[in-house]
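Have a look at the structure below before the remarks.
The values are calculated or read from the model by the stated rules, or taken from the named source; none is laboratory data. Everything quoted here is computed from the prediction, not taken from an experiment. Because the Cβ atoms are built from the backbone with ideal geometry, glycine has one as well, and the counts that use them run over all protein chains shown. Each accessible area value is taken on the protein alone, full model and side chains, heavy atoms only, with ligands, DNA and RNA left out. Shrake-Rupley method; radii C 1.70, N 1.55, O 1.52, S 1.80 Å.
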Amino acid sequence: MNFEITDKPIITQDIINKVVDRNAGAVTTFIGTVRELTKGKKTLFLIYEAYEKMAVKQLSRIGDEIIEKWPNAKVAITHRVGKLEITDIAVVIAVSTPHRKDAYDANEYAIERIKQIVPIWKKEHWEDGETWVGNQLETEQYPTGKPEGVSHD
Amino acid sequence: MINLLLFANFQEVIGSKALSLELNVNNILELKNYLLSKYPELDFNFVMVAVNEEYATDETVIKSGDVVAFIPPVSGG
């Protein structure tokens with residue numbers, strides 16, 4: 001399974017191993033980790049929650065989109081849910097391609113799409129309270145109720 | 001029977017992860033209006049909706065047995 005949601009710690013090498021390919025000249029790995037300070041506010045820990053069945057489908061859809069744009073790419077993504085501590089790994093994206101630029105580009109494409117269409121939510125537990133994060137500045141909003149590029153099928 | 005899945009702040013407002021509703025609604029918009037009448041504090045702005053795990057719209061027709069999930073703005077990664 002190249003696209004997974006897990007409640008266990010992610011071993012980065014396991015995700016990389018899924019995209020190893022004899023014709024690959026590059027593997028890029030993105031590791032998303034839990035940050036302590038956001039605009040001066042201190043996070044104690046995070047809770048990630050997913051609509052797991054749909055999240056796996058959407059991750060796999062991102063994989064399909066990448067193959068369409070970069071036909072020789074191989075992609076694997078694992079996102080963790082549950083309680084994560086500062087510095088814990090929340091997501092690992094591995095992409096292999098014959099040449100390095102495509103591996104960088106496709107990897108960045110994957111994380112941007114995760115933030116648009118994959119039903120995963122994080123709850124910040126601050127020193128002085130807790131909030132579901134849904135309005136991060138880097139998160140696009142969808143006034144039409146539907147993310148761009150998501151067909152209705 | 002419509003099977004409703006709730007996440008993040010929706011789960012907290014409604015106080016449940018999932019609901020089975022015996023309802024006579026034809027589409028998502030009607031379901032939203034029903035929920036708003038019961039839970040006026042729900043805010044559907046920027047909230048996406050999925051029917052049977054695929055993104056849908058207010059006009060999407062729903063029938064008994066469908067799984068409807070409201071998807072508040074996501075924050076994975």
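Select from A:Glu108, A:Glu52, A:Glu68 the residue whose mean-square fluctuation is largest in a Gaussian network model of chain A (Cα-Cα springs shorter than 10 Å).
Among A:Glu108, A:Glu52, A:Glu68, the largest mean-square fluctuation in the Gaussian network model of chain A belongs to A:Glu68.
When all C-alpha to C-alpha distances in segment A:1-123 are sorted into bins of 5 Å, what percent of pairs does each bin hold, rounded to whole numbers?
Values per bin, smallest distances first: 2, 12, 22, 23, 19, 12, 7, 3, 1, 0.
Can you pull out the buried accessible area for chains B and A, both sides counted, probe 1.4 Å, rounded to the nearest 100 Å²?
On the way: alone 4870 and 9380 Å², together 11600 Å².
In total, chains B and A hide about 2600 Å² from solvent.
How big is the gap, in Å, between the Cα center of segment A:27-48 and the Cα center of segment A:76-102?
Segment A:27-48 and segment A:76-102 have Cα centres spaced 13 Å from each other.
Can you give the convex hull volume per residue for the Cα atoms of the protein assembly as shown, as a whole number of Å³? If you can, show how the numbers build up before the last one.
Values: hull volume 29.2 nm³, N = 230.
Spelled out: Cα convex hull of the protein assembly as shown, divided by residues, is 127 Å³.
I need the phi-derived Karplus couplings for segment B:50-67: 6.51 cos²θ - 1.76 cosθ + 1.60, θ = phi - 60°, integer Hz, Gly and Pro marked x.
Rounded to whole hertz, the list is 10, 10, 6, 6, 10, 4, 9, 10, 4, 7, 4, 6, 10, 9, 4, x, 5, 9.
Counting each DSSP H run of 4 or more residues in chain A as -39500 (n - 2.57), what helix-only mean residue ellipticity at 222 nm follows after dividing by all residues, to the nearest 500 deg cm²/dmol?
Details: 3 runs with 42 residues, N = 153.
Taken over chain A, the calculation gives -9000 deg cm²/dmol.
Out of the trypsin sites (Lys or Arg not before Pro) in chain B, which ones are loop residues according to DSSP with at most 11 other C-beta atoms within 10 Å?
On the way: sites: B:Lys17, B:Lys32, B:Lys38, B:Lys63; in loops: B:Lys17, B:Lys63.
Answer in residue order: B:Lys63.
Given a 1.4 angstrom probe, I'd like the percentage of the accessible area of the protein assembly as shown that is carbon and sulfur, rounded to a whole number. Spell out each step's value before the answer.
On the way: 5830 of 11600 Å².
Ligands and nucleic acids excluded, carbon and sulfur reach 50 percent.
Which pairs in the list A:Lys83/B:Lys32; A:Lys57/A:Lys123; A:Lys18/A:Lys69 are over 26 Å apart, alpha-carbon to alpha-carbon? Before the final figure, lay out the partial values.
Working: A:Lys83/B:Lys32 31 Å; A:Lys57/A:Lys123 22 Å; A:Lys18/A:Lys69 20 Å.
Over 26 Å apart, Cα to Cα: A:Lys83/B:Lys32.
Non-local amide H neighbours of B:Val49 (under 5 Å, H modeled in plane, Pro and chain starts lacking H): which ones?
The answer is B:Ala56, B:Ile71.
If you line up the long axis of helix A:52-69 against the longest principal axis of chain A, both from Cα atoms, how many degrees apart are they, to the nearest 10?
Roughly 40 degrees between the two axes.
Explain nothing, just compute: Karplus ³J(HN,Hα) = 6.51 cos²θ - 1.76 cosθ + 1.60, θ = phi - 60°, for every residue of segment B:23-34 in order, whole Hz, x for Gly and Pro.
With the stated coefficients, segment B:23-34 comes to 9, 9, 10, 9, 8, 4, 4, 5, 5, 4, 5, 4 Hz.
For chain B, what ratio Rg/Rh do Cα atoms give with a Kirkwood hydrodynamic radius? Walk me through the numbers on the way to the answer.
Details: Rg = 11.5 Å, Rh = 12.5 Å.
My calculation puts Rg/Rh at 0.92.
Once both axes come from the Cα atoms, what is the angle between helix A:100-117 and the longest principal axis of chain A, in degrees from 0 to 90, rounded to 10?
40
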